[in-house]
Amino acid sequence: MATAGKVIKCKAAVAWEPNKPLVIEEIEVAPPRANEVRIKIVATAVCHTDLHHLFENTNEECFPVVLGHEAAGIVESVGPGVTEYQPGDKVIPLFISQCRECHFCKSPKTNQCEKAWVGRNNVLSTPDARLTCKGKKLLQFTGTSTFSEYTVVNQMAVAKIDPAAPLDKVCLLGCGICTGYGAAVNTAKVEPGSTCAVFGLGAVGLAAVMGCKAAGAKRIIAVDINPEKSEKATVFGATDFVNPKDHSKPISQVLSEMTNGGVDFSLECVGNVEVMRSALESCVQGWGVSVIVGWTDKEDFSARPVQLIAGRTWKGSAFGGFKGRDAVPQMVKAYLDKKVMVDEFITHNMTLDKVNDAIELMKHGKCIRTVMTVSPQ
């Protein structure tokens, strides 16, 4: 492309400080360096993790930043050493990289990667920033920063996808859907004929419901304090809906009574430590498995040791246990083959300049996913 090797000036939504609206600014995006890919972002969605950073991260060293990590786009140019990707390729940036070389990547037991951004304050360090605005370096959220018309990502955090894929749909496979679906299929390893409970029916929770159904669960109990989520949960495979507010007893006791002692598998998709404990306590003793999927790093969680001694397993899941570069293209194919739902998660469509409206919808639980058009395909 004509822009290859040049600084690109484009629009991006900049978070200058915590707890303040994002500002649409003109930014400069430097050319990719060795092993990097510059991507024209076509579509991006708002995820609750973006809100977590904006509203709950009070560390001013984590600002200014360009948020966004659930997106799809087209490769504009590549840096030296990049052979897997070419300009024009359709891709999904990944917030958990897959270098394919570290001991994590070589193990089938995990999708963690030594070079992943998770755990590094979720940002690219300032000296390495490829994004600048008004002479200031902008941090990159999870190494991706997709609330921008262009971004630069390391090649180990890019998944090349089928050119037939509609980018304004499959962008959701960059985080929420894979996270919930994989938590059920890969992490919990839900078994055919089992009983499951999914706590929290945002995009991640609904994807977990879909994953439980795909794994063959015979009963899937969807749990949420918003009664309007009941109908949506049924679309993805839920057989029951329980609103904790409708009961005077703990939700774990309600579920235990519904299932003759507890569910086989529970998935917490809220990011609330009290709900995490409730999800664990909802599992049957002896073999129940509870998976923490919701993201938070602000509080400690707790449980009584006997709850695990009795045979329950408590585990966590990031990005659904998927190794991104390998698995995301497969999930895109599954969508194209109509084996997983994606369109059904999209409740709103906007443009990037309405990003604050999209954030408000997410903040107040008024949407499942809002997809923002960033650039024309």
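Read-outs: derived from the displayed coordinates by stated rules, not from any lab. Remember, it's a predicted structure, so these values are computed and weren't measured experimentally. Heads up, the Cβs are rebuilt from the backbone with ideal geometry, glycines too, and the neighbour counts pull from every protein chain shown.
For every other residue with a beta carbon closer than 12 angstrom to the beta carbon of C367, add +1 if it is Lys or Arg and -1 if Asp or Glu, then tell me the sum. Here the count lands on +2. Applying 1/(1 + (r/R0)^6) with R0 = 35 Å to the Cβ-Cβ distance of T351 and E257 gives a FRET efficiency near 0.15. What the phi angles of the range 153-160 give under the Karplus curve with 6.51, -1.76 and 1.60, with θ = phi - 60°, is a coupling list of 10, 5, 4, 6, 10, 9, 10, 7 Hz, glycine and proline written as x. As an equivalent ellipsoid, the chain spans semi-axes of 36, 21, 19 angstrom, where each value is the square root of five times an eigenvalue of the C-alpha gyration tensor, largest first.
The stretch between I309 and Q330 holds 3.8 nm of extra length on full extension. This uses 0.36 nm per residue minus the Cα-Cα distance.
Full extension from C102 to A34: what is 0.36 nm times the residue separation minus their Cα-Cα distance, to one decimal in nm? Separation in residues times 0.36 nm, less the Cα-Cα distance, equals 22.6 nm.
Report note on the peptides 36-49, 310-323, 352-365: ranked by the mean count of other C-beta atoms within 10 Å, highest first, their order is 36-49, 310-323, 352-365. Dividing the convex hull volume of the alpha-carbon atoms in the range 179-251 by its residue count gives 74 Å³ per residue. The calculated FRET efficiency for the pair I225 and K109, based on their C-beta separation and a Förster distance of 41 Å, comes to about 0.70. Gain on full extension, evaluated as 0.36 nm per residue between A164 and D337 minus their Cα-Cα distance, stands at 61.1 nm.
Taking label positions 7 Å along the Cα-Cβ direction at both W16 and D297, the computed distance is 2.7 nm, reported to one decimal. Highest mean packing comes first when the peptides 215-225, 3-13, 274-284 are listed by Cβ atoms within 10 Å, giving 274-284, 215-225, 3-13. Annotation: aspartates and glutamates with alpha-carbon distance below 20 angstrom to K20 (same-chain offsets under eight excluded): D50, E56, E60, E61, D353, D357, E360.
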